[in-house]
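Report on one structure; see the data block that follows.
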There are 2 protein chains.
Amino acid sequence: MENIENIKAFGGWLSRYRHLSSSCNCEMTFSVYLPPQAQSARVPSVYWLSGLTCSDDNFRSKAGAERYAAELGLALIIPDTSPRGDGVADAEDRYDLGQGAGFYVDATAEPWAAHYHMYTYVTRELPALVESSFPLMNGVRAVSGHSMGGHGALICALKNPGMYRSVSAFAPIANPVVCPWGEGCFSAYLGSDRARWEAYDATCLIESGARPGPLLVDQGSADGFLAEQLLPEHLQAACKTHGVDIRLRMQEGYDHSYYFIATFIGEHLAHHAEHLR
Amino acid sequence: MENIENIKAFGGWLSRYRHLSSSCNCEMTFSVYLPPQAQSARVPSVYWLSGLTCSDDNFRSKAGAERYAAELGLALIIPDTSPRGDGVADAEDRYDLGQGAGFYVDATAEPWAAHYHMYTYVTRELPALVESSFPLMNGVRAVSGHSMGGHGALICALKNPGMYRSVSAFAPIANPVVCPWGEGCFSAYLGSDRARWEAYDATCLIESGARPGPLLVDQGSADGFLAEQLLPEHLQAACKTHGVDIRLRMQEGYDHSYYFIATFIGEHLAHHAEHLR
């Protein structure tokens, strides 16, 4: 693992690392923010999963999360959104498939199956790597994310009971098997068998009996992707039918941007801190 | 004036405008953040002047200032760093001259004199425009900035007694007449007469008797530009010699990035809020 950047922020350190990933079969880059508290004790971790087109850089530079992480004593673990590089399959004319659009699944269809194993990467390889490398409390984790990464956060929590103490999402792709972004990526990465898609869909997982743990979701009412791609009402209906407690907040006038995330990330980190204590 | 973007953030609105500037003789773009308090009353303004290579976008997306502005009831006025466009002179192979590097002076030398009047733009044209267009308290202003914009904030305050209630700077170019960035821009924009340069140099202005009002300066000790370009010790020495009160804080381990600004912008806005009340 190669340390490629260290920046002091809010009394802690924001660092970037590059490493050879066994699950993705290529070099992967991630960022870690260690709060000041990590200089003298192990701290809990919040994983942040980013949306389409993002790398690890967007969240760390635009969300303002480091301030709250420093106040609350939380580490932030910020992976990339896909494998990358010359030898990695891509759809160069599309922002919503291939590099930057890993969708947090383990691809089984070609040409994606060689590298696109973001689900295993974020739920297995990365936690093992960071918990053995940094002053983090073993197994004391929460997960959050935005849009494609909100979907990622939800399915990581739903598919791994007990792995995360809490989960939250901003404008998640809540029912990807029936929206264009999800259909495009799932058909490419997983093939035509829709039953395989449902294993990576938050709404379907809840309908199948999976339970997410303490869950907070924020959605902007002025989000241009709300009606076609995000479908939080499907998630909410499944939760209602199956007696799952969901705090879904419609935030009046907010859009899909990082300003929306910046506005509410403090409340999300406080939600996680409450359950990570 | 054309409104080209509106984004809700922290209960207020971040907006971007384009207008034909009479001082720069071209279209200029700026951003304004209006805090929630501006929906029912006029609020004070903090002008933010950005550094080399920046547009109005860097500060608004990376500094996290909107949160504090919303808490404190302050508007943020965020101009671009130079005139821009096809008809505007540029040094295309350089990041530190021409477009993105206006240096907050009124250029008198060719080919820059036709458009590069950022000093008049930020101290005269823009305040008149925004105070007549938005719910701002007339004449109740503070000014801050980073690097080239820290220099800009200092000279705007020093050259206009009473115009700003307070001033602050992050890693300002504190004595541009004797550093490479300043020498490069001043010789191009103002010609070879160094006396003209000194009228835009914070250290020289203090030595000539100008007084800045309540002044806060933060400087990172790990800033790679500190020794060659920024020279805060020159400013500090001039302040000491001339009995000027300066709060210059060396911040251990911080670099020149927006993470440094994000860490301390809350304290700067609190400094301004105290004097704007």
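The values are calculated or read from the model by the stated rules, or taken from the named source; none is laboratory data. Just so it is clear, the structure is predicted and the values come from calculations on it, not from any experiment. No Cβ is skipped: glycine too gets one built from the backbone with ideal geometry, and neighbour counts run over all protein chains shown. The protein model used for the area step is the full one, side chains on, heavy atoms only, and it has no ligands, DNA or RNA in it. Shrake-Rupley method; radii C 1.70, N 1.55, O 1.52, S 1.80 Å.
Here the gap between B:N25 and B:D193, fully extended at 0.36 nm per residue and compared with their Cα-Cα distance, gives a gain of 58.0 nm.
The contact residues of the stretch A:247-267, meaning those that lose at least 50 Å² of 1.4 Å-probe accessible area when all protein chains sit together rather than their chain alone, are A:Y254, A:Y259.
Averaging the Cα positions of each part gives two centres, and for the stretch B:135-177 and the stretch B:35-112 these lie 12 Å apart. Assuming charge only on the beta carbon of Lys and Arg (+1) and of Asp and Glu (-1), the dipole of the protein assembly as shown about its Cα centre is about 1700 debye to the nearest 20. Remark on A:G220: its backbone amide H falls under 5 Å from those of A:A171, A:Q251, a criterion applied only to residues 5 or more positions apart or on other chains, H modelled at 1.01 Å from N.
Across the stretch A:167-173, rounded Karplus estimates of 3J(HN,Hα) from the backbone phi angles (6.51 cos²θ - 1.76 cosθ + 1.60, θ = phi - 60°) give 9, 8, 8, 10, 6, x, 7 Hz, Gly and Pro being marked x. Taking θ as phi - 60° and the Karplus parameters 6.51, -1.76 and 1.60, the scalar couplings of the stretch A:100-109 work out to x, 9, x, 6, 6, 10, 9, 5, 10, 9 Hz in sequence order, x denoting glycine and proline. Suppose a student asked you for the relative contact order of chain A, using Cα pairs under 8 Å spaced at least 6 residues apart; what percent would you report? Reported relative contact order: 17 percent.
Surface composition of the stretch A:1-84: carbon plus sulfur atoms hold 45% of the accessible area, using a 1.4 angstrom probe and ignoring ligands, DNA and RNA. The phi-based Karplus calculation (6.51 cos²θ - 1.76 cosθ + 1.60; θ = phi - 60°) puts the 3J(HN,Hα) values of the stretch A:195-208 at 4, 5, 5, 5, 5, 10, 10, 4, 5, 5, 5, 5, 5, 8 Hz, whole numbers, x for Gly and Pro.
How many Å² of accessible area per residue for the stretch A:1-150, probe 1.4 Å? Averaged over the residues of the stretch A:1-150, the accessible area is 34 Å². Note on chain A: Cα Rg divided by 2.2 N^0.38 Å, N the number of residues, gives 0.92. Between amide H atoms placed 1.01 Å from N, distances below 5 Å from B:G139 occur with no residue 5 or more places distant or on a separate chain. Restricting to chain B, compute how many DSSP beta bridges are antiparallel as a %, nearest 5. Around 50 percent of the beta bridges assigned by DSSP in chain B are antiparallel ones. Peptide A:218-225 has a mean of 1 when you count, residue by residue, the C-beta atoms of other protein chains within 10 Å of its C-beta. Pairwise Cα distances in the stretch A:152-219 exceed 16 Å in 46 percent of cases. Near B:L205: Cβ cut-off under 15 Å, other residues only, Lys/Arg at +1 and Asp/Glu at -1. The net charge is +1. Of the complete DSSP H runs in chain B, those spanning 20 angstrom or more by Cα along the long axis with a mean Kyte-Doolittle score not below -1.0 are B:258-276. Look at the stretch A:8-14: the mean tally of other chain Cβ atoms within 10 Å of its residues' Cβ atoms is 5. Only protein atoms count toward the accessible area here, which uses a 1.4 Å probe; on the stretch B:102-184, the carbon and sulfur part of that area reaches 57 percent.
In this assembly, the B-A interface accounts for approximately 1800 Å² of buried accessible surface in total, computed with a 1.4 Å probe and without ligands, DNA or RNA.
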